[in-house]
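For reference, the structure discussed in these notes is given below.
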Amino acid sequence: SQTIHQWPATLVQPVGSPLSLECTVEGTSNPNLYWYRQAAGRGLQLLFYSVGIGQISSEVPQNLSASRPQDRQFILSSKKLLLSDSGFYLCAWTLGLAGAYNEQFFGPGTRLTVL
Amino acid sequence: AQKVTQAQTEISVVEKEDVTLDCVYETRDTTYYLFWYKQPPSGELVFLIRRNSFDEQNEISGRYSWNFQKSTSSFNFTITASQVVDSAVYFCALSTSGTYKYIFGTGTRLKVLA
């Protein structure tokens, strides 16, 4: 069966510090991968998605970046965190080789607080 | 442009009451997909149902049921005999053919009181 992991689960970082969040999927190949951010009490904001290794589509032109160094690994990064980067970060995957036809499966999330 | 509207920000019901969560979508595509997810307090979104635009049959799964009506662009979710464990934020989402993106509504927080 497929599982999705995210770490760390919680993170407290000072403004201006770097960030690296990791997401890995097990039990499937060629997944489409997604990063979302959820501000407190708010909906989901799509940040990045990837349909293959090295292929990243950005939805948010801010100080965040994403990379997909391996088929089932998706990394969210920042060189300098802002206060507005605080939130709950969710990674998700869907079956690949198609568009957004299938349901997404979400990881447990990372709660980031920038102070 | 695609859009999903969940007008109910928060709903409170007493246990065993029935409750309906509304979802209205906008798209010009004829082929599209609708989803419902549950986000319990732990934070992880859990997939509940997927519907494609060619299947207007309503679906029932235990205490959960979904009413898809293309005429009103709605995909409403009803919980029968609600339980405290149903307390969560529920999201409706839309995707269309030819894209890899999902459009989420802002969610409805359901509180079921004992």
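The values are calculated or read from the model by the stated rules, or taken from the named source; none is laboratory data. Fair warning: this is a prediction, and the values are worked out from it, not measured in the lab. Counting neighbours? That spans all protein chains shown, and the Cβs are built from the backbone with ideal geometry, glycine included.
Worth pointing out:
- Identity of the residue in region B:33-70, small (Gly, Ala, Ser) and either part of a strand (DSSP E or B) or within 10 Å of the chain's Cα centre (by Cα) (or both), that ends up farthest from the other protein chains (Cβ to nearest Cβ): B:Ser65
- Residue check for A:Ile56: surrounded by 14 or more Cβ atoms within 10 Å (Cβ to Cβ) and in contact (Cβ under 8 Å) with a residue 24 or more places away in the chain: no
- Of all residues in region B:71-114, those being more than 11 Å from chain A (Cβ to nearest Cβ) and not in a strand (DSSP E or B) number 12.
- Scan of region A:1-56 for residues that are in contact with a Ser or Thr (Cβ under 6 Å, 6 or more places away or on another chain) and aromatic (Phe, Trp, Tyr), ordered by number: A:Phe48, A:Tyr49
- Test: residue in region B:5-22 that is surrounded by 13 or more Cβ atoms within 10 Å (Cβ to Cβ), part of a strand (DSSP E or B), within 10 Å of chain A (Cβ to nearest Cβ) and modelled with pLDDT of 95 or more: no
- Residues of region A:91-115 that are surrounded by fewer than 20 Cβ atoms within 10 Å (Cβ to Cβ) and in contact with a helix residue (DSSP H, G or I) (Cβ under 9 Å, 6 or more places away or on another chain): A:Val114, A:Leu115.
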